[in-house]
């Protein structure tokens, strides 16, 4: 069956739409002069993440976690790995600015209650240019190279929730109509920071497709033969 190829990347985070192989990113909200330099952008021009984007990621995580990964946490990471060195982040609303603690591995979490009920932007006061970040649902014991398939199913939905506010009502409706992350008509690709040699999935009879440069791989989220507890194992090139 022919399918539209989509890519999951850092927002440059996720690009996934059923109507184009290279969909546009959400419309940027420009930073005003003297305001904190923002987080995330495509190309050289940064822009503020909208409260709707952050809310969408958290909402879909909470909505789908019980189905795919009950023990998972929603964490955020810089892309590529290590690019967040020296960065200071904060959640900012009209009423308050909340510092965001960044772990030694470059990951961080955000308060779900704040994002679901308030109007918060993620900003930085110590960065050069735009910063790329990515939400990631991961269960205990999971790593970048070995994780539950249910974590991948949940991560796809979180990423779509993150980017959906930037698409039109028609585009969002089309994505959902063809089955969204579970559709066999959409080729969902997960990106990697370094070239992949191979990917193996428990109970899947063949190796998933890896792009020629090794920087992305096709994940068969649609295949119901793969259980949520089955493991994905990624091997990088030497």
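When the residues of the stretch 111-130 are narrowed to those that are in a loop (DSSP other than H, G, I, E, B), at pLDDT 85 or above and out of contact with any helix residue (DSSP H, G or I) (no Cβ under 7 Å at 6 or more places or on another chain), which ends up farthest from residue 78 (Cα to Cα)?
Kept after step one, since they are in a loop (DSSP other than H, G, I, E, B), are these residues of the stretch 111-130: 111, 118-120, 125-130.
Those still in the list that are at pLDDT 85 or above too: 111, 118-120.
Still in the running and out of contact with any helix residue (DSSP H, G or I) (no Cβ under 7 Å at 6 or more places or on another chain): 111, 118.
Working: 111: 18, 118: 24 Å.
Out of the qualifying residues, it is 118.
Do any strands (runs of 3 or more DSSP E) lying entirely in the stretch 142-230 carry at least 3 residues that are under 23 Å from residue 76 (Cβ atoms) and in contact (Cβ under 8 Å) with a residue 40 or more places away in the chain, and which ones are they? Steps first, please.
Details: elements: 146-148, 186-191, 196-201, 216-218.
Fully inside the stretch 142-230 and qualifying: 146-148, 186-191.
Residues of the stretch 90-104 being surrounded by fewer than 17 Cβ atoms within 10 Å (Cβ to Cβ), without any contact (Cβ under 8 Å) to a residue 24 or more places away in the chain, in contact with a strand residue (DSSP E or B) (Cβ under 8 Å, 6 or more places away or on another chain) and part of a loop (DSSP other than H, G, I, E, B), which ones?
101, the sole residue that qualifies.
Could we say that residue 148 is closer than 21 Å to residue 109 by Cβ, out of contact with any strand residue (DSSP E or B) (no Cβ under 8 Å at 6 or more places or on another chain) and crowded, with 18+ Cβ neighbours inside 10 Å here? Break it down stepwise before answering.
Working: closer than 21 Å to residue 109 by Cβ: yes; out of contact with any strand residue (DSSP E or B) (no Cβ under 8 Å at 6 or more places or on another chain): no; crowded, with 18+ Cβ neighbours inside 10 Å: yes.
Criteria not met by residue 148.
The values are calculated or read from the model by the stated rules, or taken from the named source; none is laboratory data. Computed from a predicted structure; not experimentally measured. Positions of Cβ are backbone-derived with ideal geometry, glycine not excepted, and every protein chain shown enters the neighbour counts.
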